[in-house]
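The structure under discussion appears below in the form of structure tokens.
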Amino acid sequence: MKSFRSMADLEGVRRTLKDQRLEAERKAKQEEEARIQREKEANLFRDSIQDVVPIAPVDRYIHEPPKPAPRPIQREMDDAAVLHESLSDEMDVERFLETDDKLSYRVSGIGQEALRKLRSGKWVIQAQVDLHGLRTDEAREAVGEFIRSCVKHDVRCVRIIHGKGLGSVGKEPVLKDKVKRWLVQKADVLAFCQAPPRDGGAGALLVILKAKAR
């Protein structure tokens, strides 16, 4: 407990207490005046709208929240199909080829007669793609797209012109072996052989494609 040494000390304490009491009364008065003012403003607002009647909703349209943007499902499916059909340059094609002078190819179920007719021109060439001037990646894409389009339109016999390599470094046919590797990886390819001289000879392949699914 604090002790007071003189009357002066006691008087100072009295003044401090008085000042604190007056300050508390002043704050209380301000708060009361503020409360009364808020009530006046609230009453004024209620009085000003007492005759107002809400408008009945007429032809009101409730906006639906925006729908999410549609997913490009078909494009995604096409991209997935292209990825699935990616053609490798490293395929060991020799084990799939016939051991004849034309290194022909045929899937199981396709007889030698089909290849004989293909070589002799019994199959009518319905479409062709020329790969001259294309880089490997461009040629691979062109072959894949060409075959997909032909099968879609029920084209059965086509010619793929890969060139003889006369314009390449070393005069080697860069695309010749690559095209064969790509073709044996395509499920839509039933058979192929080197074209006869009149159709391009060593610079082209004749290809039999699967019939369009009905």
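The values are calculated or read from the model by the stated rules, or taken from the named source; none is laboratory data. Just so it is clear, the structure is predicted and the values come from calculations on it, not from any experiment. In this analysis, Cβ positions are derived from the backbone assuming ideal geometry, glycine residues included, and neighbour counts consider all displayed protein chains.
Annotations for the structure displayed:
- No other residue among LEU87, LEU103, LEU97, LEU44 is at pLDDT below 85 and more than 22 Å from ILE160 (Cβ to Cβ) apart from LEU44.
- Of all residues in region 119-146 being within 19 Å of SER104 (Cβ to Cβ) and part of a loop (DSSP other than H, G, I, E, B), the one that is nearest to the chain's Cα centre (by Cα): ILE125
- Set GLY144, GLY121: member being in the same structural domain as ASP199 (by TED's automatic domain parsing), more than 16 Å from LYS186 (Cα to Cα) and out of contact with any Ser or Thr (no Cβ under 6 Å at 6 or more places or on another chain): GLY121
- Lone unmet requirement of (1) among the aliphatic types (A, V, I, L, M); (2) part of a loop (DSSP other than H, G, I, E, B); (3) modelled with pLDDT of 85 or more for ALA56: (3)
- Residues (over 18 Å from GLU113 (Cβ atoms) and buried (at least 20 other Cβ atoms within 10 Å of the Cβ)) located in region 190-202: ALA195, GLY200
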